[in-house]
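**Student:** Below you will find the structure I want to go over with you.
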Amino acid sequence: MFLTKKSLLVALTTMGMATSMPALSQSSQVLNLYSARHYQTDEALYSEFTKQTGIKINRIEADDNALFERLKSEGKNSPADVILMVDAARLWRAEIEGLFQPIKSKTLETRIPKNLRSNDLGEGSQWFGFSTRARMIVYNKASMKLENVDTYEKLADPANKGKVCTRSGSHPYMLSLIGAMYERQGEAKTEAWAKGMVANMARSPKGGDTDQIKGVASGECGVALTNTYYLARLMRSTKPEDQAIIAKISWVWPNQASSGTHMNVAGGAVAKNAPNKAAAIKFLEYLASNQAQQYFADGNNEWPAVKSVKTTNPALNQWGSFKQENISIGAIGKNQIYAQKILDRVSYR
């Protein structure tokens, strides 16, 4: 299930806050954006689009569950033109719930790799990934050995009992990781892995990725999983407390000798009933431009989806190149159904 009673309450509360905002405009010089991205650095991204095109952006920002509920309640009367979401699990869910419409764009088809967009069934792709992030392993340098934590599979080994920390198994970041494992090794092995993870927990799953990193630094956890941009924020921070955390941990690209490190996306789509479709397509094409791709990299520590774009982000450049998992983002999203069933069976909360 995507919505627990608690998350449903949060979603509805957020939706209530969103619906109290003024009605969004419908005009050829207006773009109504529903976004689950909450990064301050995106302000420059949006303002530059308006500067280049003269199209004003009206925004509704909320968590993904609140956006899902709002879009469904608005139905055909929704003013949404573009929907931005993070993670393959969320993009796939929105697609199957009929919140997107397919579009054809030579710009997007040329610049965004096929594995970072939804399947084109002759009508165009429904969504496109505009930036990528990796699921990295971080570990405590004083208490852990690299050779015991250099693959996702090893985290479930008995040698790591009482040392593993993660956020909730049902969080989309985890669902996508497990969906990728399901795609490449099947149900039985994936369930055995999830069961081993539960047995190895240092504490019950809780918090976000930054909390997992802090837990590793404090010694509460020996090893944890995080999306790369959370770690990059700490690496680039000038705060003494953040640098103290970085000094106590190390990190590894998982599965370099086998399947490669799990990758995910942040992406967008044209809303099903977009009143300003032309402006919506223009905005998505803008997100694939060199300038916008650079904003994703330097502003929020995400890799550009457009492979030809070079970054100047010191954290990303420090990491260098690594072997990446080669699985369709669409397949990862679809597999979240099986991932959730596995999590329920092994009580990975």
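The values are calculated or read from the model by the stated rules, or taken from the named source; none is laboratory data. The shown structure was predicted, so the numbers you read here are calculated from the model rather than taken from an experiment. Glycine gets a Cβ as well: all are built from the backbone with ideal geometry, and neighbour counts include every protein chain shown.
Per-residue answers, yes or no, for (1) of a type in the set (Asp, Glu); (2) under 20 Å from Thr261 (Cβ atoms); (3) touching a residue at least 60 places away in the same chain (Cβ under 8 Å):
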| position | (1), (2), (3) |
| --- | --- |
| Ser105 | no, no, yes |
| Glu109 | yes, no, no |
| Leu116 | no, yes, yes |
| Gly124 | no, no, no |
| Lys145 | no, yes, no |
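**Student:** Where in the range 1-91 are the helices (runs of 4 or more DSSP H), entirely inside, with at least 3 residues that are farther than 18 Å from Tyr173 by Cβ and at pLDDT 50 or above?
**Tutor:** 42-53, 64-74
**Student:** Of the residues that make up the range 267-286, is at least one at pLDDT below 95, closer than 30 Å to Tyr182 by Cα and among the hydrophobic types (A, V, I, L, M, F, W, C)?
**Tutor:** no
**Student:** Go through the range 292-349 and give me each residue that's of a type in the set (Lys, Arg), loosely packed, with under 14 Cβ neighbours inside 10 Å and in a helix (DSSP H, G or I).
**Tutor:** Correct list: Lys341, Arg345.
**Student:** Give me the residue from the range 274-291 that is more than 18 Å from the chain's Cα centre (by Cα) and not in a helix (DSSP H, G or I) and, out of that set, farthest from Asn32 (Cα to Cα).
**Tutor:** Checking each candidate, the answer is Ser289.
**Student:** Looking only at the range 319-338, which residues are of a type in the set (Val, Ile, Thr) and in contact (Cβ under 8 Å) with a residue 12 or more places away in the chain?
**Tutor:** Answer for the range 319-338, where residues must be of a type in the set (Val, Ile, Thr) and in contact (Cβ under 8 Å) with a residue 12 or more places away in the chain: Ile327, Ile329, Ile332.
**Student:** Could you list all residues from the range 139-167 that are among the acidic types (Asp, Glu) and more than 19 Å from Leu231 (Cβ to Cβ)?
**Tutor:** Glu147, Glu153, Asp157
**Student:** Then there's this: What is the number of the single condition among (1) over 20 Å from the mean Cα position of the chain (by Cα); (2) buried (at least 23 other Cβ atoms within 10 Å of the Cβ) that Ala271 does not meet?
**Tutor:** Ala271 satisfies every listed condition except (1).
**Student:** In the range 288-329, which residues are among the polar types (S, T, N, Q) and in contact with a helix residue (DSSP H, G or I) (Cβ under 9 Å, 6 or more places away or on another chain)?
**Tutor:** Ser289, Gln291, Gln293, Asn300, Asn301, Ser308, Thr311, Thr312, Asn313, Gln318, Asn326, Ser328
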